Structure formats: C-alpha cells, structure tokens
2 protein chains.
Amino acid sequence: MPAPALHARLSRRLCGLESSPIREVLAVLERPGMISFAGGLPAAQTFPRIDLGRLARGCLQYGPSEGDPALRRRVASDLRRLGLTCTAEQVLILSGSQQGIDLVAKLFIDPDTPVAVESPTYLAALQVFRFFGARLETIETPARWARAAPAERPAFAYVIPTFQNPSGRCYGTDERRALAASCDAASVPLFEDDPYRELAYEACERTPVCAYLRRASWVYQGSFSKSFAPGLRLGFLAASPDLLPLLVRLKQAADLHSSRLSQQLVLRHLESRSAAQRLDAIVAIYRRKRDRFARVLERELAALAEWRVPAGGLFFWLRLRTAIDTRNLLAPALERGVAFMPGEFFHPDRAQGTGTLRLNFSHATADQAERGLAALAELIGRGAA
Amino acid sequence: MPAPALHARLSRRLCGLESSPIREVLAVLERPGMISFAGGLPAAQTFPRIDLGRLARGCLQYGPSEGDPALRRRVASDLRRLGLTCTAEQVLILSGSQQGIDLVAKLFIDPDTPVAVESPTYLAALQVFRFFGARLETIETPARWARAAPAERPAFAYVIPTFQNPSGRCYGTDERRALAASCDAASVPLFEDDPYRELAYEACERTPVCAYLRRASWVYQGSFSKSFAPGLRLGFLAASPDLLPLLVRLKQAADLHSSRLSQQLVLRHLESRSAAQRLDAIVAIYRRKRDRFARVLERELAALAEWRVPAGGLFFWLRLRTAIDTRNLLAPALERGVAFMPGEFFHPDRAQGTGTLRLNFSHATADQAERGLAALAELIGRGAA
C-alpha cells in the first residue's frame, strides 16, 4: 500500500478494493511446469482461426491486466525519450485514454473531493470527475496550493499541457516548470493527459510536465487514437511507482485487460520502420487542413471572433467579439447542416465559457469547411446583431 | 430519466452524470449532407492499412458507445430466441462482461447500498460491489424481499443462474420462476450474468431468468470470451428500457466504446455458417476434458471431498469432508507446482467458504490433471489428518 500521506488522499471507496486473489496466484503461474486449476482459461485449442496475417494466435487468450509486456516495454522506452523516468513496470495499457480518466477518478475522488482543472478543459473529463462527486477548482495560480492547508489542496491536478482540447494551447517551458514546482511544493499529484502531442505542426515545447516533477506523484497518459486508429480503442498510462499498482487493480476490476489484438496491431505499428514516416505524412495532412481552415476562418469570421492558429492538435478555439451564448446557436446551425461544440460545456463554471466555441478542422473536407464556416458566420453575425 | 421509484434506487453519484453534449450533437450527424466541426474525428485518410482480409476499414474510426448497429441487431435477435423481449436498442456492447459489472455497480451502488448476491459467487463481482461500498446480502429466500420495507430491499440482485462460477450450479425451471417472481413482487432489479450458457455438456434448463420477469427492471449480460476468444475483450448486455440509456452514458464515460475490430470479428463469426458447428466442436472438447477430469478426481479425491459433475461451464466445486481452510493449502500447492482457487474468496462472508475449493478443468492437459490432482490429494489428506 502507498505511504500514509498519499493514502489519506485516495478515495474512501478505494479501501474496499482488495487485490484480487487470482492476481496473486497468476503471479506464480509463469513458473515452468506449473499446473493450473486456478483460472478459468478457455483451452487454446478451442480458439478460432482468424486470418490476421502475421498476428500471433497468442493474442486470443486472456492476458495480463497491465498489458502485453512487449508493448509496455516499447511505451516505456518511448516515454524515456521524452524525458520521463519510466520503466516498463510503470506502464499500464488502457482501452483508450478515456479509461485512464475513469481509473484516476476512482482512485482519488470521493464526494466533495477538490480536483484542480484547467478552464476550459476536456469535457468528458469534467463529466467523469463530476460523476464521482468532485468539487472542481480552476487552476489559476498553482503557487497558491503550497500556501493552502493540506486538506484544502486538490486531490490531484488534471492538465492537458500540449495542444489542449479544446483551446489548442501549448504550455511554454516556464509554465511547465512552474506547474511541476507547484505540485512538488504542495504534494499535489499531477494527472497529465497528452493525446495530441504527436500532431505538432510547428516546433514547440512538448516535454511532459511530469518529466519536471521531483517529488509529487504522477500519472501521464497518451493515446494511439490520433496517430494510429481510434476504433481499436487503445491508450496507455505511466504512473509513479506508488500509484501504478492501485491503478492496475482498478483496471482489472474495470475490464480485466485491453484487447490483445489491438495491442498487437499497435505494437507492430510502433516497431515498423515506416512508423516515423507515416506520422510525418499524417502531420502533413493535418497541417494542410489546418492552414486551409485558417484561411477560410479569416475570410468569414475575422470580424466576428478572434482565435490563435493552433500549433498542434485538432481544434480551433474561437472567442466571439460579442459574447453570446453559443449553445443557442447550436440548434439553428444543426438545422442548416453544420455542427460545432459550444464552449460553455468545456468550463467547470459554464458561465465562463459564454461566447466561445470549438471547431474541429480534421474531419470536414475543403468544400465542407467553406460552406460550413460561411453558414456559421451568418448565424453568428445575426446572433450578435 | 427513469421513473421516480427507480431513480431513488440509483447511486447518488449518478445524478452527477449528465448526458454528454457531444452525444446530442452526434445524434444528428448521421443526416445526409451534415458538416461537422463538432467532434475530434481523425481524418479517415490518415488511417493505417491493416491487412485484415475482408475486415472493413470502417472499424478504424471512432464508433457509437452503444456498439456497432449490426452487432447489436444480431445480439438482440439471438436473445429473442432465448425468450427475452429485446430490441437492438436495448443492447450495449461491452469491453468484456467484467465491464458490465463495473457499469451496473456505478449505476446502483452508494456506500452502504444493500446488494443481494449468491454465496458463493463470482469473486471479481464481489470485489467491484465492495469497492463501490455495497453491503452484501446473501440470496437465501428471495421471497422475503417482498415482505421487507422498500428501503431494506436490495438495490439489485446479482445472479449467475447457468453453470455458475464457481459452483457449476444450474437453476431449474422452478427456481428461475421463483426468483423472477420475487424480483417482480419486490421491484428488485435483476442483474443476470450468463457467460457460460453456451458451454452446456448435458441438456438442462437455460432460459434466462430475465425472460420470466414481468415488471422488474433487468440487466442480462453475456460474453464472447468462452465461445470465441477472450483476448478480444468483448461481451454485451441487454437491459430494460428504463436502465439502458443510463448504462450507455456510463459506458461512454468509461471507455467511449469497445474495439470495433473486435466487434467486427465477433459479428463475422456469429454470422458465419460454421458458427454452430464450431460451438459443437468446442463443447465436445470441453465435455471430454470434464469427463477425464471427473475420472481422475474420483480416483484421487473421493475419500477426501464431495462434488457434483457440472452440466456446463469450466469448473468443479469441491467441498472437503474435513472443513479445513483451503487458503492454507495454497502456498504448499504452489510450491509443488499446482494452482487452485480457495473457496473462501467466493463467499460474501468468507468464513462460510471454509473447506471449499474451485478447480478449473479446461486449461490443464490430461497429464497435468493426473499429476496435479494427485499432488492436491496428498496435501489435502495431510491437512485433514
């Protein structure tokens, strides 16, 4: 179990989650010659013949909750190149990074637990944290955590420092160092969500904030949905050694382990010689889409809104010059066949999001972007009049 | 939202889980000609070429939380043949049926919520229910629920009526009807877990208990792990119309949706002409393994324990003639290279499990079964002496 100071921060619910007795038994099953009547493993001879080219039949049987060892090693080695201190034992494979949010929420959040988030931030994280009863606080001046009484400090801080969803914002080096220093000073665990880091269209600082930590506990998570394929539902997290074993238990209770077929496909991709080249090609496609989108935005919406062209990620974040509630624009926009996300939903305090909206640029074709943004401009112009 | 009576039974935490704004938008995105800047869908042209024979590239993109429509339709039609009243809209595809346990626990369990379970029952369900704070009650005479005050009635009853893990027990028709009638009379939702139903080695009653319900809310779940392949992590649930929309939201918050590749493979399997034949072959393999295991058990352990030969499933459940704590046998057994599961862990009140153990017969080879059971017999004989 973790140190008492950390333990006091964990969800009261977590005390009820014992390590599975099966886990303890499984730990010795790898010994040569071991006869197991313990699990409920189907006989391998009953498995279907699936025509998956070079994929091993081994991915059809149950696997470890932590993830397949070769993939964990590969992820750990990639994370070390980003500056994280991380062994394969610190990696947990996820059924998409949304699952990491569920597991971390289960780990820390009781009713009324304070949790620090950015504003705006990823809306499905806000939903999950609220579901478990979190009291959401906005990260404004992290330095103040160190001055607050321990009980008032957030159970953890959730941040998306690189090409944030929805704002597209990317922290500079000083901001990264300052956030890490605050977490260290106040012993606030850092939960860093980093699904967009590979979609970088300009050179910019992308060192994980977790790499700057010296003492605080941490969870860093990433996704294979953006750079490989979302339909396979695969992501990963790495965590400080005090948290990882608890997260593994929660993972086991949630879905035993992630699809081994997806794990196999992702590992094969990561180890292929063409992976870097493929990423370059993806980034080039998205950069072109972003630039084209920016030109149409400029033409259609410059008089009505302001924005920064994002250096990475998948979104433009607009602030209207007249702060109207963009939720009211949604129905008429959908009627004209154009969908967008009102900014209010991304704010822990929704009123703070008035007059903002998020536009995804990666999905629509060039022609759709032209027609959709023209229609939006007309609606916004009318709403602001 | 569900009816007030049901609503009062749900977890307090659930009130915090709003429907995702993205869900509402996604609902209209299917309209022809719709331009979407709403989601964060990767561009399909960035997806890898995966050599999966006839599998559609369509399974690489994000998909619906409920599951792919064709698979939901297929599952619903299979469930109707079992006697359930069930449309495709009542089906939710799961990342393995362990996930259904997590979702139902999130749906119903607050600290100190009473939950009725069998004793013994599936240990990973006990773990999850305990984690969310459940007060576990043993299902002894379900009829008494109807007499209890509503506040004292369990939030739901969790049962594995067919080839139960760990006991191998299969409810008869009268027991199925009686349980359903109790749930109806007391308005106790029924959560029926049915992962082993296809592994039937003798003719026996397998109609879902949920098919006998007239009024009570219900969740019925099944797995593709036993009859297809566990490594793909795919299962499903069907639920009464009052519960399904809530479970979909919880699923979305947990992992967005299940691997579409796994869904595609399972659908292809279910629709293949050889599926029934393959199941017959699997059942024949397991029946042979069970019969061989039963013969060795009889020779080695008849003097030390009693059991019934299970009509289906993957386990023998032994009760020792001398009630020793089988947890104490585990370490010496592992030392000799034999693993089994002590029965204590499967009981909500562990003391009730003294002298019981679970033996899986599907994984060990014939030779391993011989050697393993001989070693166990020796240890048990010595422990009982």
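Structural remarks
- Sites B:Ser274 and B:Thr85, calculated FRET efficiency, Cβ-Cβ separation with R0 25 Å, nearest 0.05: 0.25
- Along chain B, longest interval not containing exposed GluC sites (Glu not before Pro), exposed being DSSP loop plus at most 12 other Cβ atoms within 10 Å: B:203-385
- Beta bridges assigned by DSSP with both partners in chain B are antiparallel in approximately 60 percent of cases.
- Extension gain, B:Arg299 to B:Ala385: 0.36 nm times the residue separation minus the Cα-Cα distance gives 29.1 nm.
- Contact order for segment A:206-334, expressed relative to its length and based on alpha carbon pairs under 8 Å spaced 6+ residues apart, stands at 13 percent.
- Taking the DSSP bridge list for the protein assembly as shown and keeping only pairs wholly inside it, about 55 percent are antiparallel.
- Kirkwood-type radius of chain B, with distances r between different C-alpha atoms, in Å: 22.6 Å
- Dipole size of chain A about its Cα centre, with +1 on Lys/Arg Cβ and -1 on Asp/Glu Cβ: approximately 620 debye, rounded to the nearest 20.
- Net charge in the neighbourhood of A:Glu378 (other residues with Cβ under 12 Å of its Cβ; Lys, Arg +1, Asp, Glu -1) is +2.
- Residue (of A:Tyr220, A:Tyr201, A:Pro230) at the positive-pole extreme of segment A:111-239, dipole from beta-carbon charges: A:Tyr220
- The calculated FRET efficiency for A:Ser187 paired with A:Ser77, based on their beta-carbon distance and R0 = 25 Å, is about 0.30.
- Centroid-to-centroid separation of segment A:72-132 and segment A:185-213 [C-alpha atoms, Å]: 12 Å
- For trypsin sites (Lys or Arg not before Pro), the sites in segment B:198-296 that DSSP calls loop and that have at most 15 other Cβ atoms within 10 Å are B:Arg214, B:Arg215, B:Arg273.
- Straight-distance candidates among the lysines for linking to A:Lys251, with alpha-carbon spacing under 24 Å and chain neighbours fewer than 8 residues away dropped: A:Lys106, A:Lys226, B:Lys106, B:Lys226, B:Lys251.
- Ranking of B:Thr356, B:Thr113, A:Thr173, A:Thr162 by neighbouring Cβ atoms within 10 Å, starting from the fewest: A:Thr173, B:Thr113, B:Thr356, A:Thr162.
- Taking a ≥ b ≥ c as the square roots of the eigenvalues of the alpha-carbon gyration tensor, segment B:210-367 is classed prolate because a/c is 1.5 or more and a/b outweighs b/c.
- P(r) histogram, all alpha-carbon pairs of the protein assembly as shown included - 20 Å bins from 0, percent: 16, 49, 30, 5, 0
- Prolate/oblate/rounded label for segment A:170-230 (Cα gyration tensor, a/c 1.5): oblate
- Taking the Cα centre of the protein assembly as shown as reference, the dipole from Cβ charges on Lys and Arg (+1) and Asp and Glu (-1) amounts to some 1220 debye.
- In this Cβ point-charge picture (+1 for Lys and Arg, -1 for Asp and Glu), segment B:135-193 has a dipole of about 100 debye about its Cα centre.
- Our coupling estimate for segment A:225-241, obtained by passing each phi through the Karplus curve with A = 6.51, B = -1.76, C = 1.60 and θ = phi - 60°, is 6, 8, 9, 10, 7, x, x, 7, 6, 9, x, 8, 9, 10, 9, 4, x Hz, Gly and Pro reported as x.
- Helix A:244-255 vs. chain A, principal-axis angle (Cα, 0 to 90°, nearest 10): 80 degrees
None of the figures in this text is laboratory data; all of them are computed from the coordinates on show. Bear in mind the structure is a predicted one, so any value in this text is a computation, not a measurement. Virtual Cβ from ideal backbone geometry, glycine too; neighbours counted across all protein chains shown.
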